[in-house]
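So the structure is just underneath, and the comments pick up after that.
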């Protein structure tokens, strides 16, 4: 069953086309990752899908009454705004204490409920964002570079948490990342984006595809295999991204 | 009771302070202080317009403030820095207003009353308009509180939750124009931003949540309004600046108190 699909999206800022001829669809329960170099339109695509950007042409179809949980790339809370994690979950609609506790427990941050959002560590902050996103039992969870600012073990943990949440809720997950190795191992399907869709398929298929190797270099093929078996190692990889 | 000019002044100041201090929290959270300033400076142009067309000053001010606020919104999407746009519009509108007032034929008007407020001359009619505006602003704040907060945090997060951030911005702009209109009689065009920003800033340290910050800001705003009127009677000083002075004193107390508590 298709939850969300896009047909022939075209988005441009001014005269520069960011996305061209992008079509994709997300089925219930699958984890889809969008990878691509900086400036490849990943965030633009997600923002179009959640309705924050209007595409110049093309269509976005949602299943009627689709519940989406969204985790933004970065949420900077102004220091002048006092906000506890618990109060944050109440936006825009109040939730019961039990609902809030369940969500925070599921993402492993029940102990920070009464702390100020500004005082949380990067990992805790992202987990609170995730807790808020799963409050309405979403059918589709959308995450935009949710592990930015986390170190590699932290990021790996976060992706495993997402796999757990998916297993719990049975929701589909659509995420964007440039951390190829960690992300791809957790995905059912990978879409490689660079203004248009270069290639897509299972992680193995995409990492072997010439278009993908052209964008990211060949070194990542081995890294993928490595990370599929061991998430916790500390490695310093450099992305050989050739931007357009 | 309303026959007493002091009662009318107190009611006008309290109403204005209430709406301004709560709305002011959003001005502070969104770092819009200069935006408030630009909107408020445009009020003088509104005064000139109202006098020229012989309509209510509050209506004229509200109208022009709204136009300028919307203009800032539109222009700041473009390639100019928002602070530059604000600088152009704030001082442009103020200067244009001052020139327009000088060009008005006949009636010599007391410009100082509009620049610094003249709450002691508030009439029953003014009072009715001021409180109508205040109640509309408070109702909008109450009704849109969570949506405004979410749009303040992150526009995309708001969109994904079914809240249109553009609409919330527009509502905020409308409320700001409304507060500028009702505040012109109380503290005048040049001091409106003080009434927006100072109570919220003073409330920050004492607050662990947005609602509490709004409540504390309201309390500080109302205290400043009443204290300022008392001060101006005592010392025979202009009322608008006196209100702002009391607000600043409360801010200083809150800051020093906060520092004291932290170091203790």
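Laboratory data are not the source of any read-out in this text; all were calculated from the coordinates shown. It should be emphasised that the depicted structure is a prediction, and the values quoted were computed from it without experimental measurement. Note that each Cβ is placed from the backbone with ideal geometry, even for glycine, and that neighbours are counted across all protein chains shown.
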At residue A:94 and residue A:163, where each label point lies 7 Å from the Cα along Cα→Cβ, what is the point-to-point distance in nanometres? 4.0 nm
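Looking only at other chains, what is the average number of their beta-carbon atoms within 10 angstrom of each beta-carbon in B:145-157?
Numbers: counts 2, 5, 3, 1, 7, 5, 2, 4, 10, 9, 3, 12, 11.
Partner Cβ neighbours, averaged per residue: 6.
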Just the Cα atoms of the protein assembly as shown: what Rg and Dmax do they give in Å? 27.1, 87
Could you grab the relative contact order for segment A:79-136? Cα pairs under 8 Å, six or more apart, rounded to a whole percent. 46 percent
Ranking of B:142, B:131, B:29 by count of other Cβ atoms within 10 Å, fewest first: B:142, B:131, B:29
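When Cβ neighbours within 10 Å are restricted to other protein chains, what is their mean count per residue of peptide B:162-171? Show your work: numbers first, answer last.
On the way: counts 4, 2, 1, 1, 0, 0, 0, 0, 0, 0.
For this peptide, the per-residue mean of nearby foreign Cβ atoms is 1.
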Angle between the Cα long axis of helix A:152-169 and the longest principal axis of chain A, 0 to 90 degrees, nearest 10? 80 degrees
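Within 10 Å of each residue's Cβ, count the other Cβ atoms and sort B:185, A:74, A:42 from fewest upward.
Numbers: B:185 28, A:74 12, A:42 25.
In increasing order of surrounding Cβ atoms, one gets A:74, A:42, B:185.
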Name the most mobile residue of B:55, B:246, B:216, meaning the one with the largest mean-square fluctuation, in a Gaussian network model of chain B with Cα contacts below 10 Å. B:55
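Calculate, for residue B:205 and residue A:59, the FRET efficiency according to 1/(1 + (r/R0)^6) with r their C-beta to C-beta distance and R0 60 Å; round to the nearest 0.05. Please report the intermediate quantities before stating the final value.
Details: r = 50 Å, r/R0 = 0.84.
So the FRET efficiency works out to roughly 0.75.
Given C-alpha coordinates of segment A:79-136, what is the ratio Rg to Rh with the Kirkwood estimate of Rh? Intermediate results must be reported in sequence, preceding the final value.
Values: Rg = 10.2 Å, Rh = 11.0 Å.
My calculation of the ratio gives 0.92.
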Distance (nanometres) between label positions extended 7 Å along Cα→Cβ at residue A:13 and residue A:75: 2.3 nm
Exposure proxy order (Cβ contacts within 10 Å, fewest to most) of A:76, A:177: A:76, A:177
Top mean-square fluctuation among A:78, A:56, A:151, Gaussian network model of chain A, C-alpha springs under 10 Å? A:78
Of A:169, A:19, A:49, which is the most mobile in a GNM of chain A whose springs link Cα atoms less than 10 angstrom apart? A:169
